[in-house]
Amino acid sequence: CVVFTVTDGTNSVTATVSQSSILGHPNDQNPIVGYAADIDVSSLADGQITANAKVYPWIGTLASVHDSSANAAGSRSFCPQRYYKNVARFAAPPLAYVSPSGVDATVLASGATAGGIQKVSTDAATAAANPFATIASAMSALKAATTITGGACEGCEVRLMAGSNTPGTVTIQTYVTIGELVITRDPNTTKAAAILNLAATFTTRCPNIRMKGITIARTSTSQISVGQNSTLTFEDTELTGTSTAQLHAGGAAGNPATLRVIGHISAAGVYGNVAAQDVRLVRGLVGAGGTNIDPFCVIGSTVTNSGVAQSTAFGDVNEFIGFNRFVNNTGSSGIITPRADAAAPTIDGFALIQNVMEWAGVQPQPAFRMSPDNGTPSTHHVVVHHNTLIGSGGYGRNNILYVDTAASGARTHRLTSFKGNIHSQINTKHDVFAATSGNVGGWSYMYGVGCAGELTQFADSASGQNGTGGSFSQAYAGLGAKCGASTTVPLDPLFVSRAACFWNGSAVVAGAGNGDYRLQAGSPAAGMLTAPVLRFDLSGAARPASANAAGAYDL
């Protein structure tokens, strides 16, 4: 179960949730399974409120309880979440409108100009009648209108009217403490029409901003800068522009800006994980053609032909990739490749849950790499459950949990759980491959510890059937495993519509991509996992209490 606690520092409310559910957000592309509580905070005072959670596992001692309050708020870990409560402002937020035909002006504490024109108001019609010309001027006015806002911009809204709106230059700090200033659209216009013209970098001078329901027209390498240790959230935001278009938040190495992307649609969305930018959440993304998505938390998304989860600036620790469809991949790099760095040399805490990964191209690349060839890192606490990986033999294969060279004998893979997955091909290398007696750090996986209900469609890269102890395979594939014996003809899970690459009798050829990987009646993947690990499949259908199908979808 999960025990949630929310406090204002004096009073607290709690809720205990003992069963998972489907978490609803209008931008989720696939159902997300998690633990959620509706908590009444009416008894808590206005101002900062802090939410924490304690996660109690099925098996374990008190030391096994994961408590967010043990970590500092804002850290790259399971940590407290802070919010700003203001009942009156939620009911009637202070507003400033922006229009290409608007006029910038300095406002007094009343929100009106010296000439008496009311440009900041809690009344939408009043504010809309007197819009600003730039977003920067509207933000500064909200800060200046102290009679209306108190000088704090939490919950205030800048509303973009139809047309190409200019960011402008912010000359004063537009303060928020814990909450966010929201840049959104005029309710009387559409997302496509409410455009933020990002022709140059927009330095907001505001710690926390949410851009919601607008279109960002980005060219060149322009970005939106919220500064160090700040948060920029894009929600239901359309991105247009050149092939270099990307959503990017400016910070600094050691004190990065935090970026969250929720429900973004793009044809060229690139989310770079760099030292100045910490991408904490990608949820409900619809995108294509991008690369270098930080894998810290990627959920409920459908991404086409994108090299996802290529971390570069942070060690991959405590990461969650779940409930996504990665389809029509045709490139020369993998889909999921967790990495380590000098600060975090061990991949510790990594979950890959109920994803579809489709390899449609003719590049013989691994779709999923987890500590693969030649001395890459140790892994501890790895959970891989109910994923469907589709390719053809070594095209879209898995290279996972290697200990393959004499120099890497110290590498260890422990506390790993692989359950209910449909793999294209599994390759794993240990002391048998390296002919080195010390390469035993991955023996638990090689002998199937923590593995159950696994279906492998193709033989390994040395033409060996997984589970038979070849140099590329597990010695035992786990309880209830089913393993294909050919590198060209799969143990067919009977998908509704397979659109991955395939063997045509003489060569691997490209597939159309974006297949339907639900299972048909009679599938060998049916009922493989006797002890269920998820309540719902990737379509949102309830899984049975026992005998779950392998893969992302149940029958």
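The values are calculated or read from the model by the stated rules, or taken from the named source; none is laboratory data. Model, not experiment: these values are computed from the prediction. Cβ atoms come from the backbone with ideal geometry, glycine included; neighbour counts cover every protein chain shown. The area values use the complete protein model at the heavy-atom level, side chains included, leaving out ligands, DNA and RNA. Shrake-Rupley method; radii C 1.70, N 1.55, O 1.52, S 1.80 Å.
List of remarks:
- Residue list for the stretch 1-43, filter: in contact with a Gly (Cβ under 7 Å, 6 or more places away or on another chain) and of a type in the set (A, V, I, L, M, F, W, C): I22, L23, I32
- Lone qualifier among G361, G272 - being crowded, with 19+ Cβ neighbours inside 10 Å, at pLDDT 85 or above and in a loop (DSSP other than H, G, I, E, B): G361
- Test for T487: is it more than 29 Å from the chain's Cα centre (by Cα), among the β-branched types (V, I, T) and buried (at least 18 other Cβ atoms within 10 Å of the Cβ): yes
- Checking each residue in the stretch 464-478 for being open to solvent by less than 30 Å² (accessible area, probe 1.4 Å) and touching a Ser or Thr at 6+ places or on another chain (Cβ under 8 Å) picks out G464, N466, G467, S473, Q474, A477.
- Every residue from the stretch 145-161 that is open to solvent by less than 50 Å² (accessible area, probe 1.4 Å) and in a loop (DSSP other than H, G, I, E, B): A145, G151, A152, C153, E154, G155, C156, M161
- Filter result for A481 (of a type in the set (G, A, S), farther than 26 Å from L23 by Cβ and crowded, with 19+ Cβ neighbours inside 10 Å): yes
- Counting only strands (runs of 3 or more DSSP E) wholly contained in the stretch 162-219, the ones carrying 2 or more residues that are open to solvent by less than 20 Å² (accessible area, probe 1.4 Å) and in contact with a Leu (Cβ under 9 Å, 6 or more places away or on another chain) occupy 181-185, 194-198, 208-212, 215-218.
- Restricting I117, I135 to residues that are farther than 22 Å from V87 by Cβ and open to solvent by less than 10 Å² (accessible area, probe 1.4 Å) narrows the list to I135.
- Check on L142, farther than 30 Å from V317 by Cβ and either open to solvent by 40 Å² or more (accessible area, probe 1.4 Å) or assigned to a loop (DSSP other than H, G, I, E, B) (or both): no
Each row is one residue, and each column tells you yes or no for (1) touching a residue at least 60 places away in the same chain (Cβ under 8 Å); (2) open to solvent by 80 Å² or more (accessible area, probe 1.4 Å); (3) part of a loop (DSSP other than H, G, I, E, B).
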position	(1), (2), (3)
A37	no, no, yes
Q48	yes, yes, no
G60	no, no, yes
S75	no, no, yes
F90	yes, yes, no
P93	yes, no, yes
